[in-house]
Amino acid sequence: MNILSVQFVKSCSSASQFPRYRYPEFAFFGRSNVGKSSLINMLMKKKNLVKTGSKPGVTKTVNFFLLNDSISIADLPGFGYAKVPLEIKKAFLPLIRKYIDNRDNLRLAFLLIDIRRIPDRFELEILSHLSKRRVPAAITLTKCDKLSRNQREQRIRLISRELEISRDALFMTSAKSGDGRKEMLRLIEEYAVPLNGPGD
């Protein structure tokens, strides 16, 4: 899949603001500081497409982008970082739930997990909610360049055991090296089934 164009559409702090177009949509979920914005930038080959920052919790809204004028990309707010103000943390998860419930054009969710940590309640809850909506999820391990090959294998075994999935179902990525980009784009192309039209 070739990236011909990427454009920012809008930022939304509530479900009522979500764009109502019918392009097939791909969403990126993950905890704060998982490297979500950096990975999207790497995937789109746009260095500053998504704002990144040294402080976790930069993304506080659902940000929509249009890829090749035919595919929607949604960047969901991170969740779970202790230093994010309590009132913001309380708003994040309901917004994420409403996003999943309201996007009939959502074709695939990329659930990002830092390879150095074990998934817990948050990741399991997101997977459960996606499953109820029959939305497939691609478990995407980030920051794989930070571990040696042996360390990566150990973490892969632990994470696959915790999520009760095959290790072959895990995507290895690195925003720094570009690892995993081709595989993720191939998956987007596979699931980007055209819908009825762009709507409004």
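Residue pairs whose Cβ atoms lie under 8 Å apart, separated by 6 or more positions or on different chains, with the first residue in region 13-39 and more than 17 Å from Leu108 (Cα to Cα) and without any contact (Cβ under 8 Å) to a residue 40 or more places away in the chain and the second in a loop (DSSP other than H, G, I, E, B) and not aliphatic (A, V, I, L, M), are Ser37/Lys51; Ser37/Thr52; Ser37/Thr59. Taken over region 15-37, the criterion of being at pLDDT 90 or above and of a type in the set (S, T, N, Q) is satisfied by Ser16, Gln17.
How many residues are surrounded by 15 or more Cβ atoms within 10 Å (Cβ to Cβ) and either under 14 Å from Pro94 (Cβ atoms) or of a type outside the set (A, V, I, L, M) (or both) when one looks only at region 5-20? Break it down into steps so the answer makes sense when it comes.
Of the residues in region 5-20, the ones surrounded by 15 or more Cβ atoms within 10 Å (Cβ to Cβ) are 6, 9, 12, 15, 18-19.
The next check asks that each one be either under 14 Å from Pro94 (Cβ atoms) or of a type outside the set (A, V, I, L, M) (or both); those that pass are 12, 15, 18-19.
Count: 4.
Exactly one residue out of Leu163, Leu158, Leu170 is under 16 Å from the mean Cα position of the chain (by Cα) and closer than 23 Å to Ser32 by Cβ: that is Leu170.
Say we look at region 131-150 and pick out the residues that are polar (S, T, N, Q) and either surrounded by 14 or more Cβ atoms within 10 Å (Cβ to Cβ) or touching a residue at least 12 places away in the same chain (Cβ under 8 Å) (or both); which of these is nearest to Asp168 (Cα to Cα)? So that I can check it myself, show each step before the final result.
Here is the first cut: in region 131-150, the ones polar (S, T, N, Q) are 131, 140, 142, 148, 150.
Narrowing the set further to residues that are either surrounded by 14 or more Cβ atoms within 10 Å (Cβ to Cβ) or touching a residue at least 12 places away in the same chain (Cβ under 8 Å) (or both) leaves 140, 142.
Numbers: Thr140: 11, Thr142: 15 Å.
So, considering only residues that are polar (S, T, N, Q) and either surrounded by 14 or more Cβ atoms within 10 Å (Cβ to Cβ) or touching a residue at least 12 places away in the same chain (Cβ under 8 Å) (or both), the one nearest to Asp168 (Cα to Cα) is Thr140.
Going residue by residue through region 146-165, is there one that turns out to be touching a Gly at 6+ places or on another chain (Cβ under 7 Å) and either closer than 24 Å to Asn63 by Cβ or part of a loop (DSSP other than H, G, I, E, B) (or both)? The answer is no; no qualifying residue exists. Checked against (1) part of a helix (DSSP H, G or I); (2) at pLDDT below 95; (3) surrounded by 14 or more Cβ atoms within 10 Å (Cβ to Cβ), Ser128 passes all but a single condition, namely (3).
The values are calculated or read from the model by the stated rules, or taken from the named source; none is laboratory data. For clarity, every value in this text was computed on a predicted model and none was experimentally measured. Here the Cβ is made from the backbone with ideal geometry for all residues, glycine too, and neighbour counts use every protein chain on show.
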